[in-house]
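As structure tokens, the structure follows; a few thoughts come after it.
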Amino acid sequence: MTHAYSQLYLEDAMNNLGAMLDCAVHAAQCDLSVFYEMFLSSGIASQMEVGNPRFVSGLSGSELAQLVLEKSSDRALPNELYVPIDRTPEYWTGWVLAYYQWHAARSFSFIQRNGLPVATVLSLYPTLHEADLSKFVQTADAIIKQCLDMKRNALKTIRKQSRLTQRELAELSGVSLRMIQAYEQADQDIRKAEAQTVFALSKALGCLPEAICE
């Protein structure tokens, strides 16, 4: 498997991302999810994803937290040095996210959007923090796969929730049965369909067009 960057930087990346989240929550009193969105939009996440030495090992976790806050808010860390008594759940969350991002070579944003927002990772702490990292990888892979499968089959899911057969949806929407089958089987990408096709399907299903194009 191809990883995101050299393993030489991995331990530093894990420790620093863990310390960054820990510091943001417990020293700066930030909401974890809000701060993590700042991290994703700050440009720092993309630098860590490719193993930029300055960000994965050149800066400490607290320095990363301060940099994120400077780029994305008017908040700052308190002047007094924050020294955690023990590794917190937030630390583990950043630590394991850094490992998974490296292992899977997926962006932090991709992970966040596809079933593993930072709050969900945090919720896995009680059951997985003492387990081998391979257990988290297996769990994360399964969650993301399920999420992607659901998105690929959004049309099918919504149709079934509406208690319509493919033929009934074809009759209601005016979209051919063959095309509906192709969209549901992923032989055709519904996101590339003509706007009037998507609108007709969504109107027949009573949902927003974007719901079937996720």
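In table form, for the structure just shown:
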quantity: Pairs of Lys in the chain closer than 17 Å at Cα, counting only those 8 or more apart or on different chains; calculated: 7
quantity: The stretch 5-64 - percent of accessible surface contributed by carbon and sulfur, probe 1.4 Å; calculated: 49
quantity: Solvent exposure, largest accessible area first (probe 1.4 Å, DNA, RNA and ligands not counted), of Glu171, Glu130; calculated: Glu130, Glu171
quantity: Scattering profile of the stretch 92-214 at q = 0.10, 0.11 Å⁻¹ [log10 I(q)/I(0), Debye over alpha-carbon scatterers]; calculated: -0.43, -0.50
quantity: Alpha carbon convex hull of the stretch 55-100, projected area averaged over orientations, nm²; calculated: 4.1
quantity: Sequence-separation-based contact order of the chain, relative, with Cα cut under 8 Å and 6+ spacing, percent; calculated: 20
quantity: Average accessible area per residue (Å²) across the chain - probe 1.4 Å, nucleic acids and ligands excluded; calculated: 54
quantity: Listed residue (Ile143, Ala186, Tyr125) projecting farthest to the positive dipole end of the chain, Cβ model; calculated: Ala186
quantity: Listed peptides 174-186, 89-101, 8-20, 35-47 by packing density, highest first (mean Cβ within 10 Å); calculated: 89-101, 8-20, 35-47, 174-186
quantity: Per-residue ³J(HN,Hα) for the stretch 159-168, Karplus 6.51 cos²θ - 1.76 cosθ + 1.60, θ = phi - 60°, Hz, x for Gly and Pro; calculated: 4, 5, 5, 7, 6, 10, 7, 4, 5, 5
quantity: Three semi-axes of the equivalent ellipsoid, the chain, Cα gyration tensor, whole Å, largest first; calculated: 41, 18, 16
quantity: Pairs of Cα atoms farther than 16 Å apart, the stretch 123-194, %; calculated: 60
quantity: Length-normalised contact order for the stretch 34-84 - Cα pairs under 8 Å, 6+ apart - percent; calculated: 33
quantity: Dipole magnitude of the chain, debye to nearest 20 (Cβ charges: Lys/Arg +1, Asp/Glu -1, about Cα centre); calculated: 1040
quantity: Approximate spin-label separation Glu11-Glu130, in nm, with each point projected 7 Å along Cα-to-Cβ; calculated: 2.4
quantity: Computed [θ] at 222 nm, deg cm²/dmol, the chain (DSSP H ≥ 4; -39,500 (n - 2.57); rounded to nearest 500); calculated: -18000 deg cm²/dmol
quantity: Size-normalised alpha-carbon gyration radius of the stretch 169-214, reference 2.2 N^0.38 Å; calculated: 1.00
quantity: Computed over the stretch 1-101, Cα set: Rg, Dmax in Å; calculated: 12.6, 43
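The values are calculated or read from the model by the stated rules, or taken from the named source; none is laboratory data. No experiment lies behind these values; they were computed from the predicted model shown. Ideal geometry is used to build each Cβ from the backbone, glycine not excepted, and the neighbour counts take in all protein chains shown. With ligands, DNA and RNA removed, areas are computed over all heavy atoms of the protein, side chains included. Shrake-Rupley method; radii C 1.70, N 1.55, O 1.52, S 1.80 Å.
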